Amino acid sequence: MNPYLASLPANYLFPEIASRIGNRQVLNLGIGDTTRPLPACIAERMAECALGLGTERGYQGYGSPFGNDELRAAIASVIYNDALVPDEIFISDGAKGDLARLMHLFAPRSKLAIQNPAYPAYVDAATIAGHQLSNSYDECDGILLCSPNNPTGVALTHDEFAQALSIGCPVINDAAYAAYISSDAPRTIFAVDGARDLAIEVGSFSKLAGFTGVRLGWTAIARENPLYAGWKRILATLFNGASIISQAGGLAALEPEGWAEVQKIIAIYKENARILAGRETDAPYLWLEFPGRSSWDVFDEFLELGIAVTPGVGFGSAGEGFIRLSAFGPRADVEQAALQLRKVCQAPSR
Ligand code: MLT
């Protein structure tokens, strides 16, 4: 067995939370999972694709491992405003699959700098691949960023991206929540000088278009990046392309009618985040400190109140004493959780 597996906690964070919730009926704000159905114009396009309608070719089997050309072009144009060309966009089955595949780009036992707290899949995927993790840019072989950060919701500034790029090693930025940025922080690392040579950006339709169960994302890497050819080689070997049905839905989401529908859904989740946080946020998460408390104890306290949250320590040692609440729940659940939250935060023991 891969010896690095043994160094991981027995359970991945989100299944662990699910098992602690068990059969309880709770307001589940413990996982960032979308709760609204797909807009009809997107779902209909997926159904047409499944039925072999709407294209000259009719039925299609395997697609390209790099993705449907029309979808690659739409992402280059709608998301990157043509700062990237279609050949620089590689369609995936969601951020998580690419995140694991990206670990193969690095030499064995590379030293990767990562934020603390961070989305745990990065930490676990890097560990399984045998890489070493550090929280400092000193002598690193690669940098893993997430902006806006999951779990803290903090979006990196232009200068912070520039600082990471100035180290001179590959910088992977997970931009899964970029559509939720309210401030003037950049929505992509490719807005920063030097990114074409060094950056790799992971994007996702999960939180952009409510595709958590559909599975669709992309990775952007410019041709100047020395890892460009290696990334194509990895995809051609380890991936047979994203579902053509998901890709049809993704394309519909980026066309004017679908894009307008998607913006309405994002606005609903953003309003949920505002209700929870009491202010505008850059991400659909509220990150809350309970000084001196264990995150799992606070998790248990909220579970007793009928609310599932995410314990901050699940995102790394710096998350101890914090919890995260997701804004993707139904509006009524979010409003009820916000009321409880205010009571807990005003209680004398807090
Ligand atoms: C989260 O809750 O942070 C994620 O969306 C869950 C996941 O992607 O695994």
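The values are calculated or read from the model by the stated rules, or taken from the named source; none is laboratory data. All values derive from a computational prediction rather than experimental measurement. Heads up, the Cβs are rebuilt from the backbone with ideal geometry, glycines too, and the neighbour counts pull from every protein chain shown. Ligands, DNA and RNA are stripped out before the accessible areas are found, and what is left, the full protein with its side chains, is counted by its heavy atoms. Shrake-Rupley method; radii C 1.70, N 1.55, O 1.52, S 1.80 Å.
A few comments on the model shown:
- Computed lengthening from E44 to A318, 0.36 nm per intervening residue step minus Cα-Cα distance: 94.2 nm
- In loop segments of region 22-84 as defined by DSSP, the GluC sites (Glu not before Pro) with at most 10 further C-beta atoms inside 10 Å of their C-beta are E56.
- Ordering T237, A248, A267 by the projection of their Cα atoms onto the charge dipole of region 216-282, which places +1 on the Cβ of Lys and Arg and -1 on the Cβ of Asp and Glu, puts T237 at the extreme positive end.
- Spatially, region 17-64 and region 115-158 are offset by 28 Å when compared through their Cα centroids.
- Label-to-label distance, nm, for residues given as Q263 and R223 (7 Å Cα→Cβ offset): 3.2
- Per residue solvent-accessible surface (Å²) - the chain, probe of 1.4 Å: 44
- Part-to-part distance (alpha-carbon centres) for region 293-347 and region 182-254, which is given in Å: 31
- Cα gyration tensor shape of the chain, rounded if a/c is under 1.5, else prolate or oblate by comparing a/b with b/c: oblate
- Rolling a 1.4 Å probe over the protein chains gives C345 an accessible area of about 50 Å².
- Electrostatic bookkeeping for A338 treats Lys and Arg as +1 and Asp and Glu as -1; over the other residues with beta carbon under 14 Å from its beta carbon, the sum is +2.
- Cross-link partners of K111 among lysines (Cα-Cα below 27 Å; sequence separation of 8 or more within a chain): K96, K232
- The largest accessible area among D297, D98 belongs to the first residue in D297, D98, and the rest follow in falling order (1.4 Å probe, all chains).
- Every helix of 4 or more DSSP H residues in the chain counts as -39500 (n - 2.57), and over all residues that averages to -11000 deg cm²/dmol at 222 nm.
- For the chain: relative contact order, % (alpha-carbon pairs under 8 angstrom, 6 or more apart): 24
- Cut-off under 5 Å, modelled amide H: who pairs with G217 long-range: S92, D93, G94, F205
- Each Cα pair under 8 Å and six or more residues apart adds its separation to the average, and for region 34-148 the resulting relative contact order is 18 percent.
- Candidates A118, A175, A191, ranked by Gaussian network fluctuation over the chain, Cα under 10 Å, top entry: A191
- Charge sum, other residues only, whose C-beta stays under 14 Å from N81's C-beta, Lys/Arg counted +1 and Asp/Glu -1: -2
- For K270, a cut-off of 19 angstrom between C-alpha atoms picks up these lysines, skipping any fewer than 8 places away in its own chain: K207.
- When the alpha carbon gyration tensor of region 184-258 is reduced to an equivalent ellipsoid, the three semi-axes, largest first, read 24, 19, 9 Å.
- Intensity falloff of region 60-127 expressed as log10 I(q)/I(0), Debye formula with alpha-carbon point scatterers, at q = 0.18 Å⁻¹: -0.85
- Probe 1.4 Å, all protein chains present, accessible-area order of R331, R72, largest first: R331, R72
- Placing a label point 7 Å from the Cα of N81 along the Cα-to-Cβ direction, the residues of region 165-193 whose backbone N falls under 17 Å of that point are 178-193.
- Along its principal axes, region 216-335 has C-alpha extents of 48, 37, 24 angstrom, given from the largest down.
- Segment K343-A6, length gained on full extension (0.36 nm per residue, minus Cα span): 117.2 nm
- Cα shape, region 1-135, gyration tensor, a/c 1.5 rule: oblate
- Largest to smallest in accessible area, the residues H104, H158, H131 fall in the order H104, H158, H131 (1.4 Å probe, all protein chains included).
- With all protein chains modelled, accessible area of R342 [1.4 Å, Å²]: 100
- Ligands, DNA and RNA left out, the 1.4 Å accessible surface of the chain is 53% carbon and sulfur atoms.
- Solvent accessible area, Å² - S136, 1.4 Å probe, full protein context: 40
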